[in-house]
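Notes to accompany the following structure.
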Amino acid sequence: MSGNTAASSSAVALPCPECGTRVLWAAQSVYRPFCSRRCQLLDLGAWADESHRIRGEPAMDEADIDGLLREADRDAPLS
C-alpha cells in the first residue's frame, strides 16, 4: 500500500464555503477549503467589499480618540 493511497482514504470531504460542492481535504485540492479558484476569489471579494465581517466592537475613529483625550485632560485635576 502506498502513502498516497492511505492519505486519500483518510481524507475528509467538506462542503465548499461558497457553493457547497464537496471538496476532498487533501494536498491535491489546491483551493481547499474552496472547490475552485472562482469560489476562492468570490469569497475574497466578499471580504474586500466588507460583505463578510467578524463580529465585534466597532473600531474607534481618530476623532473619537481625540475627543476622549480632551475630555480626560479637562476632567483630570492639575497638581
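Laboratory data are not the source of any read-out in this text; all were calculated from the coordinates shown. Since we're looking at a predicted model, the values are computed, not measured.
Starting from the amide H of Val23, placed 1.01 Å from N in the peptide plane, find each other amide H under 5 Å away whose residue is 5 or more places distant or on another chain.
HN-HN under 5 Å from Val23: Leu14, Cys16.
If one puts a single equal scatterer on every Cα of the range 11-56 and applies the Debye formula without solvent, what log₁₀ I(q)/I(0) results at q = 0.15, 0.17, 0.32 Å⁻¹?
For the range 11-56 at q = 0.15, 0.17, 0.32 Å⁻¹, log10 I(q)/I(0) is -0.41, -0.50, -1.07.
Can you work out the Karplus-derived ³J(HN,Hα) for every residue in the range 37-48? Use 6.51 cos²θ - 1.76 cosθ + 1.60 with θ = phi - 60°, whole Hz, and x for glycine or proline.
5, 4, 5, 4, 6, 4, 5, 4, x, 5, 5, 5
Report ³J(HN,Hα) in whole Hz for each residue of the range 19-33, in order, from the Karplus equation J = 6.51 cos²θ - 1.76 cosθ + 1.60 where θ = phi - 60°; Gly and Pro get x.
Each residue of the range 19-33 in turn: 10, x, 4, 5, 10, 6, 7, 8, 4, 6, 8, 5, 9, 4, x Hz.
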